[in-house]
1. Report every pair of residues separated by at least 6 positions or lying on different chains whose Cβ atoms are under 7 Å apart, first residue within the stretch 111-129 and closer than 20 Å to residue 141 by Cβ, second at pLDDT 85 or above and open to solvent by 80 Å² or more (accessible area, probe 1.4 Å).
2. Output yes when any residue across the stretch 61-73 is assigned to a loop (DSSP other than H, G, I, E, B), modelled with pLDDT under 95 and aliphatic (A, V, I, L, M), and no when none is.
3. Is there a residue in the stretch 100-109 that is closer than 19 Å to residue 24 by Cα, modelled with pLDDT of 95 or more and either touching a strand residue (DSSP E or B) at 6+ places or on another chain (Cβ under 6 Å) or not in a helix (DSSP H, G or I) (or both)?
4. So the check is Cβ under 9 Å with 6+ separation or different chains; which pairs have a first residue in the stretch 25-36 that's under 16 Å from residue 90 (Cβ atoms) and of a type in the set (D, E, K, R) and a second one that's in a helix (DSSP H, G or I) and open to solvent by 40 Å² or more (accessible area, probe 1.4 Å)?
5. Among the residues that make up the stretch 37-54, is at least one of them of a type outside the set (Asp, Glu), closer than 12 Å to residue 159 by Cβ and open to solvent by less than 20 Å² (accessible area, probe 1.4 Å)?
6. Looking at the stretch 112-127 only, could you name the residues that are open to solvent by less than 100 Å² (accessible area, probe 1.4 Å), out of contact with any helix residue (DSSP H, G or I) (no Cβ under 7 Å at 6 or more places or on another chain) and not acidic (Asp, Glu)?
7. Just to verify a result, which residue in the stretch 65-109, among those that are open to solvent by 80 Å² or more (accessible area, probe 1.4 Å) and without any contact (Cβ under 8 Å) to a residue 60 or more places away in the chain, is farthest from the chain's Cα centre (by Cα)?
Amino acid sequence: MDERKSVFKRGAECGVPMGLYMTTISVMSLFTDKVPLFSLAVIVMLFAGPYVIYRFQRHYFIEENGMTEYAALWMQGILMVVYGALITGAATYLVLQYIRPSYIYDQAQMAVDTYNAIPSMKAQLGEILDVMQQAIDQNALPTPIELVFQMFWFVTFSGCMMSAITAAFASRRLS
């Protein structure tokens, strides 16, 4: 007799491809300043993210002959996103720490320079731009690991909410 996989095992197994998917998004977004076409790919992949989660959940539901509860599908989605975010965080940290160590400062300086070049924006954001410039000058911007942890918590929270929605669609009855 075939043994059923637990939702936890299924979430971990699906977390690997989800992690590769999210890592692709993250790394491409870190190189959009070098390869502008990556911006379009990142946007498309971000919008396709809920569908990717839905497909994993639906596959599990069908494999279990429609006997999987909504809560189990939601848990699978949560676990997929958490494990995927761990993989993505590790890859993003490596890129920020070793391949693009000045990325955070370069992006902050580019934002300050861009807004300073637009007189109306400079008038509206003058004080904020001064604070940003001070943060850059004093090396007070987030470190790569701080940025990765912020990303991890945001991705985990938003993925949990998204999984709740996709699980509702994935658990519709079989035809």
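The values are calculated or read from the model by the stated rules, or taken from the named source; none is laboratory data. Just so it is clear, the structure is predicted and the values come from calculations on it, not from any experiment. All Cβ positions, glycine included, derive from the backbone under ideal geometry; neighbour counts span all protein chains shown. Areas reflect the complete protein model, heavy atoms only, side chains present, ligands, DNA and RNA absent. Shrake-Rupley method; radii C 1.70, N 1.55, O 1.52, S 1.80 Å.
1. That search, which allows pairs on different chains as well, returns 125/115; 129/115.
2. Checked the stretch 61-73: at least one residue is assigned to a loop (DSSP other than H, G, I, E, B), modelled with pLDDT under 95 and aliphatic (A, V, I, L, M).
3. Scanning the stretch 100-109, I find at least one residue that is closer than 19 Å to residue 24 by Cα, modelled with pLDDT of 95 or more and either touching a strand residue (DSSP E or B) at 6+ places or on another chain (Cβ under 6 Å) or not in a helix (DSSP H, G or I) (or both), so the answer is yes.
4. Filtered contacts from the stretch 25-36: no entries.
5. yes
6. Of everything in the stretch 112-127, those that are open to solvent by less than 100 Å² (accessible area, probe 1.4 Å), out of contact with any helix residue (DSSP H, G or I) (no Cβ under 7 Å at 6 or more places or on another chain) and not acidic (Asp, Glu) turn out to be 114, 117, 118, 120, 123, 126.
7. Filtering first and then ranking leaves 67.
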